[in-house]
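Participant: Structure provided below as structure tokens; questions to follow.
The values are calculated or read from the model by the stated rules, or taken from the named source; none is laboratory data. Just so we're clear, the structure is a prediction, and the values are computed from it rather than from any experiment. Cβ sites come from the backbone with ideal geometry, for glycine too, and all protein chains shown count toward neighbours. Each accessible area value is taken on the protein alone, full model and side chains, heavy atoms only, with ligands, DNA and RNA left out. Shrake-Rupley method; radii C 1.70, N 1.55, O 1.52, S 1.80 Å.
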Amino acid sequence: MLFALRRLGLCHIQSSYLSDGMYSEYEDYRYECCWRLGQWNQLSTENSKQLNYNKADSSSGLKSLITKGEYEKHHYISLKALHDLDFSSVERAVSRARKCAINSLTHASLECSKNLYLALSQLQTLQEIEDFASAWQSGEAINMEAVLDKWKKQDQLSLSEFQYMEPILAQRAVLLHNAMLMEKNDELRQRLAEHLAEIQLSTAKLARTEGWHHVGVRCLRMLSQIGRLSSVVEGRLKLEEAQLSWGRGDREVGRHILRSLLGELSLIFNETEENRLLYSYALTLYGNWMVETRSENSQVIVERYFIKALRILEGVKYNEESQLETYCSLARFVDAEYQQLMGILKSSAFESKQQFLTKATEEAERLLQQENRTRDENRKIQMCQKMSRIDEAEMKNREDEKNMYLKLALKYYLLSLEHGVQHSLQVFRLTSLWLENTVHEEVSRVLEQHLHRIPSYKFLPVVPQLVPRISNNLSDPFVRRLNTLLERCAVEHPHHALPVILALANSYRDQEVTGGLQKERKSELRVLGAKHIVQCLKAREEVRAILTQMEGVATALINLAYYEVQGKSKSYSIQRTLLKQLKGNELVLVPTLTIPVKSNCQYDDIVGIYKYVDTFCLVGGLNAPKKIGCVGTDGIERPQLIKGKDDLRQDAVMQQVFTILNTLLKNNKETQKRKLLIRTYKVVPLSQRSGVLEWCQNTEPMAAYLIGPNSAHCRYYPQDLTPQACRNAMLAVAGKSNEMKLKTYSDICRSFHPVFRYFFLENFPTPGVWFERRLAYIHSVATSSMIGYILGLGDRHTVNILVDKSTAEVIHIDFGIAFEQGHILPTPETVPFRLTRDMEDGMGVSGIEGIFRRCCEKTMSVLRQNQETILTILEVLLYDPLYAWTISPSKAYNIQERTHKTDLDYTDPEATAGEVNRMAERALVRLRQKLQGTEEGTATSVSGQVTRLLQQARDPGNLSRLYHGWHPYV
């Protein structure tokens with residue numbers, strides 16, 4: 001009860017409850033209540049001195065005192081002594097409280113850093129008491145300002161959980177409130193009041209964003225009792241109060257408070273710049289609320305709130321944050337209106353109206369050509385002409401409105417990207433609008449004005465999608481603008497942009513290496529355009545040397561990818577000519593390293609290629625990929641996988657998607673706290689059919705541990721069926737009824753026990769590490785399962801899932817089947833992701849319940865909250881002309897049979913524009929349904945959707961119908 005009251009911030013009720021004859025073991029709650037409420041009569045100063053600060057205390061008495069854990073008592077005494085201006089007692093009380101906190105640290109378990117948070121929070125509060133007491137005792141205003149500045153700087157750091165920050169913030173308010181009441185200097189008292197207001201407002205804002213609304217309400221109530229607040233502080237208080245009401249669900253109250261504030265600010269906003277900033281922010285916020293509730297007309301929202309907010313900010317200093325927020329809100333709103341209009345214009349109802357207009361016009365013209373018309377025919381002509389004019393006017397208005405919203409959306413997305421860094425993912429939506437309207441004159445004019453002002457690093461996430469639109473048709477304004485942008489990216493960020501451009505320019509290098517014939521292709525203009533950009537870049541002094549070395553490395557690696565080995569050996573030597581090409585390329589980043597993007601474009605400290613080792617080995621596989629070591633200029637050898645005869649571009653795009661989704665998961669407090677991320681690795685396409693992959697070190701396929709030679713199944717259950725016997729049994733019933741498949745699958749499960757729990761016992765014998773690694777495994781399986789479902793990833797057999805032997809995280813590889821293409825395989829896939837018995841066995845006795853289910857729900861919740869962002873990103877990727885996400889029947893057969901044609905097929909790497917559009921539209925519809933929680937035509941909650949997916953993934957009926965090579969029994 002006491003804990004609940006404390007968490008709810010109901011200190012008055014808690015104090016009444018404690019004053020009614022509570023036992024001494026609850027004194028820590030009583031002391032905390034007293035300092036929060038400013039009740040300083042709990043202990044008299046004399047009693048506190050006699051009780052705690054007798055200098056005759058023996059060391060043994062001190063030790064017994066500390067072991068009782070009386071931190072709250074000494075913390076209270078220190079604050080009380082400061083209130084009584086007894087600075088010597090403050091010092092002694094803080095010292096004792098610090099010893100209590102340190103004592104708790106010595107007994108804390110170090111297996112989890114969270115065990116240290118409470119003690120560290122306590123030490124921080126004590127340090128702030130010391131600093132504040134020292135400044136107050138000095139009587140110098142400058143010392144007090146230094147302490148308050150120190151607090152501000154500490155607040156700029158990344159904060160831990162709010163429950164550990166709240167006592168620190170509450171204590172600051174108490175300290176300032178006491179100082180303000182006792183300070184005799186009017187000027188300093190006013191300064192303390194301003195700082196107290198700032199702390200209360202910032203605490204209320206932080207509490208609101210963290211979901212602790214009751215703490216925010218308490219802060220605002222305390223602030224309102226200070227009195228003599230400035231008009232700006234009064235306005236900020238009302239603004240925060242409105243947002244708190246809105247966040248708690250009291251939308252009418254919040255809207256009423258904000259509307260009242262707008263009325264007050266409209267009369268005084270010109271008095272100070274602070275008032276103008278506040279008025280602009282309030283207008284933007286109210287506009288966002290109107291958008292959310294659809295309470296006003298679209299044009300009114302744009303003009304009355306968003307545009308007005310921008311006008312008010314004109315000429316105001318330090319307005320970038322407010323401007324940026326308005327730009328983003330306005331861009332999102334007009335973009336939503338544009339998309340809604342596009343939906344109407346593409347709808348069947350609108351098409352029917354167009355057809356009716358055409359027929360009515362034709363009918364009127366036919367009747368007009370008749371010489372002798374009856375009265376009814378004349379009336380019909382008039383009616384048709386009138387209806388035609390109405391329909392034409394409506395369609396023209398729709399078209400004009402669409403163009404207006406398109407222009408506004410582009411303009412404010414561009415301004416948002418130009419002025420801020422918080423909304424960098426908006427570049428995907430900007431790219432989508434640009435590529436949809438390449439011949440639109442208004443779009444071209446807006447881009448001409450703003451595109452060159454945006455820093456090039458903001459376009460790096462979409463470079464892989466912009467490069468396929470390259471052409472050598474330089475008479476096209478779109479091509480010229482695109483080429484200029486890509487050249488700017490390549491010059492300023494060569495290690496991020498050049499490999500993508502070179503991969504397109506080297507598209508036909510595979511045929512040249514293998515001696516194949518180069519055929520006439522639709523992409524010839526694209527490849528020629530890439531080569532043209534490469535030639536232009538060679539003329540640039542800044543990148544000439546890097547580009548030359550990159551070309552040499554790419555050529556050598558493509559040759560190595562197709563190098564035919566003779567005989568069987570553990571390792572093979574590399575040709576000297578290739579070794580020479582691969583040595584001394586210090587300007588080229590090690591291909592499988594990922595370096596952060598630098599806005600200042602300074603990449604002088606990269607790890608370049610020193611050399612490749614003399615030998616390589618084959619790692620198995622249909623296309624004989626080669627594992628080779630690359631030694632960087634830092635002296636570290638990093639293994640890489642060189643692949644030929646395989647298109648790695650789709651794998652590279654999927655890794656790009658994973659990286660963006662990881663960003664969304666990191667931005668959410670719940671998923672970031674649980675470290676819910678999907679493991680990625682670097683994929684660098686070198687040409688159309690070759691590339692380099694990062695070798696995931698210290699990993700093994702799940703198949704190797706579970707069903708390989710000397711597998712865990714054979715070691716722990718030697719009397720069970722062998723993995724091969726299980727597969728043969730599944731193969732034998734492949735063409736039979738579903739009932740027979742289910743019976744065979746059930747028989748296999750009874751004679752084939754799951755063993756993956758032993759992986760953790762074998763690799764992590766220490767209990768603490770074992771628990772941590774199993775938790776990491778559960779988190780990674782949950783995240784990859786939910787993301788895999790949303791993206792429709794298929795072919796998740798045990799060879800395509802690696803497990804890290806250091807961290808126990810799973811790593812998915814080979815993404816040839818995506819966006820639910822697994823449903824059209826010869827043996828269709830019937831489960832949303834892999835959650836077989838062995839996968840569940842590694843989660844411990846609770847299985848999918850508890851941690852796994854909660855992590856699935858948290859991941860799915862973040863994906864659904866960011867559905868518009870995800871759909872925008874995937875829209876750009878799916879409409880990419882280089883990738884055919886659909887699979888041909890022959891490819892589908894080859895995937896399940898694990899075979900490929902022996903010769904290289906260059907005739908079907910890309911899709912026609914029509915195929916791309918049809919596939920993209922179909923995939924986006926299904927993606928939207930998943931992100932909205934629509935399963936089998938029924939809208940579900942997050943927990944309901946997760947429950948349904950877990951049932952489908954574990955359903956024996958679904959598992960029994962899978963392809964035998966998928967190993968559904970493992």
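Participant: Please report Rg (one decimal) and Dmax (integer) in Å for the Cα set of the range 748-878.
Facilitator: Reported Rg and Dmax, both Å: 16.0, 48.
Participant: Cut-off 19 Å, label point 7 angstrom out along Cα-to-Cβ of ARG928: give me the residues of the range 329-363 whose amide nitrogen falls inside.
Facilitator: Of the residues in the range 329-363, 332-352 have backbone N under 19 Å from the label point off ARG928.
Participant: What is the distance in Å between the Cα centres of the range 612-636 and the range 658-737?
Facilitator: Taking the Cα centre of the range 658-737 as reference, the centre of the range 612-636 is 22 Å away.
Participant: Something else about it: For the pair GLN340 and VAL845, how long in nm is the line joining their label points, each one 7 Å along Cα→Cβ?
Facilitator: Going from the GLN340 label point to the VAL845 one covers 5.5 nm.
Participant: How high is the FRET efficiency from MET1 to HIS419, r the C-beta distance, R0 56 Å, rounded to 0.05?
Facilitator: About 0.65, to the nearest 0.05.
Participant: What distance in nm separates the simple spin-label points at GLU292 and GLU936, each placed 7 Å from Cα in the Cβ direction?
Facilitator: About 3.4 nm, to one decimal.
Participant: Moving on to the next point. Given a cut-off of 21 Å, name the pairs among LYS153/LYS184; LYS669/LYS858; LYS205/LYS669; LYS627/LYS805 whose C-alpha atoms lie farther apart than that in the structure shown.
Facilitator: The answer is LYS153/LYS184.
Participant: Further question on the same structure: Compare SER322, SER571 by solvent-accessible area with a 1.4 Å probe and give them largest first, with all protein chains kept in place.
Facilitator: SER571, SER322
Participant: Another one. At 7 Å along the Cα-to-beta-carbon direction for both GLU399 and GLN137, put a label point, then send me their distance in nm to one decimal.
Facilitator: So the two model labels end up 8.1 nm from each other.
Participant: At 1.4 Å probe size, put ARG544, ARG649 in order of accessible surface, largest to smallest.
Facilitator: ARG544, ARG649
Participant: If I stretch the segment between PHE771 and SER569 completely, what's the gain in nm (0.36 nm per residue apart, minus their alpha carbon distance), one decimal?
Facilitator: 68.6 nm
Participant: Distance from a point 7 Å along Cα→Cβ of GLN190 to each backbone N in the range 225-242: keep the residues under 13 Å and list them by number.
Facilitator: 228-231, by backbone N distance to the label point.
Participant: Could you give the length gained by full extension between MET383 and GLU442, i.e. 0.36 nm per residue of separation minus their alpha carbon distance, to one decimal place?
Facilitator: Contour length minus the Cα-Cα distance gives 17.6 nm.
Participant: Which whole-number value in Å² is the accessible area per residue of the range 455-645, probe 1.4 Å?
Facilitator: Accessible area per residue: 46 Å².
Participant: Ok, one more. Note the full-extension length gain between ALA732 and LYS805 as 0.36 nm times their separation in residues minus their Cα-Cα distance, in nm to one decimal.
Facilitator: Extra length available between ALA732 and LYS805 comes to 22.8 nm.
Participant: Here is a follow-up. Can you give me the Rg/Rh ratio for the range 140-197, using Cα atoms for both radii and the Kirkwood formula for Rh?
Facilitator: Rg/Rh: 1.01.
Participant: Another question, if that's okay. Which of rounded, prolate or oblate describes the range 455-645 when judged by the alpha-carbon gyration tensor and an a/c cut-off of 1.5?
Facilitator: Because a/c hits 1.5 or more and a/b fails to exceed b/c, the range 455-645 counts as oblate.
Participant: Same structure again: Which number gives the lysine pairs in the range 324-449 that have C-alpha atoms under 30 Å apart and are eight or more places apart or on different chains?
Facilitator: Final tally of qualifying lysine pairs is 22.
Participant: How much mean residue ellipticity at 222 nm does the chain get from its helices, if each DSSP H run of length 4 or more adds -39500 (n - 2.57) and you divide by all residues, to the nearest 500 deg cm²/dmol?
Facilitator: Calculated mean residue ellipticity at 222 nm is -19500 deg cm²/dmol.
Participant: What are the residues whose amide H is under 5 Å from the amide H of TYR610, where those residues sit 5 or more places off or on another chain and H is modelled from the backbone?
Facilitator: Amide H neighbours of TYR610: VAL631, GLY632, THR633.
Participant: Let me ask something else. Just the number, please: Stokes-Einstein D of the range 115-235 in µm²/s, Kirkwood Rh from C-alpha pairs, 37 °C, 0.692 mPa s.
Facilitator: Once the numbers are plugged in, D ends up at 219 µm²/s.
Participant: If you average the alpha carbon positions of the range 71-95 and of the range 129-187, how far apart do those two centres end up, in angstrom?
Facilitator: Distance between centres, Cα-based: 15 Å.
Participant: Strictly greater than 43 Å: what percent of every Cα pair in the chain meets that?
Facilitator: Tail of P(r) above 43 Å: 50 percent of Cα pairs.
Participant: Tell me, what % of the accessible area of the range 455-645 is carbon and sulfur with a 1.4 angstrom probe?
Facilitator: Percent of accessible area from carbon and sulfur atoms in the range 455-645: 52.
Participant: Net charge within 12 Å of GLU314 by Cβ-Cβ distance, Lys/Arg positive one each and Asp/Glu negative one each, not counting GLU314 itself?
Facilitator: It works out to a net charge of +3.
Participant: Filter the trypsin sites (Lys or Arg not before Pro) in the range 156-212 to those in DSSP coil with at most 13 other Cβ atoms within 10 Å of their Cβ, and list the result.
Facilitator: LYS184
Participant: For the range 324-449, which whole percent of the accessible surface, found with a 1.4 angstrom probe, sits on carbon and sulfur atoms?
Facilitator: 49 percent
Participant: For the pair ASP476 and ARG576, what calculated FRET efficiency results from E = 1/(1 + (r/R0)^6), where r is the Cβ-Cβ distance and R0 = 45 Å, to the nearest 0.05?
Facilitator: E between ARG576 and ASP476, to the nearest 0.05, is 0.45.
Participant: Also, I was wondering about something else. Any idea what angle helix 213-224 forms with the longest principal axis of the chain, computed on alpha-carbon atoms, 0 to 90 degrees, nearest 10?
Facilitator: 50 degrees
Participant: For the range 335-375, state which trypsin sites (Lys or Arg not before Pro) are in a DSSP loop and have at most 11 other beta carbons lying within 10 Å of their beta carbon.
Facilitator: Taking the range 335-375 and a limit of 11 other Cβ atoms within 10 Å, the loop trypsin sites (Lys or Arg not before Pro) found are LYS346.
Participant: To the nearest 10 degrees, how steeply does helix 494-505 sit against the main Cα axis of the chain, on a 0 to 90 scale?
Facilitator: On a 0 to 90 degree scale, this one is about 20.
Participant: What base-10 log of the normalised intensity I(q)/I(0) is obtained for the range 659-814 from the Debye formula, alpha carbons as equal point scatterers, at q = 0.08, 0.14, 0.19 Å⁻¹?
Facilitator: -0.31, -0.90, -1.27
Participant: Give me Rg/Rg_expected for the range 324-449, where Rg uses Cα atoms only and Rg_expected = 2.2 N^0.38 Å with N residues.
Facilitator: Dividing the Cα Rg of the range 324-449 by 2.2 N^0.38 Å gives 1.51.
Participant: With loop defined by DSSP as not H, G, I, E or B, and exposure as at most 10 other Cβ atoms within 10 Å, which is the longest segment of the chain clear of exposed GluC sites (Glu not before Pro)?
Facilitator: Result for the longest clean stretch: 565-935.
Participant: Also: Under Stokes-Einstein, with the Kirkwood radius over Cα pairs standing in for Rh, what whole-number D in µm²/s applies to the range 245-337 at 37 °C and 0.692 mPa s?
Facilitator: D = 245 µm²/s.
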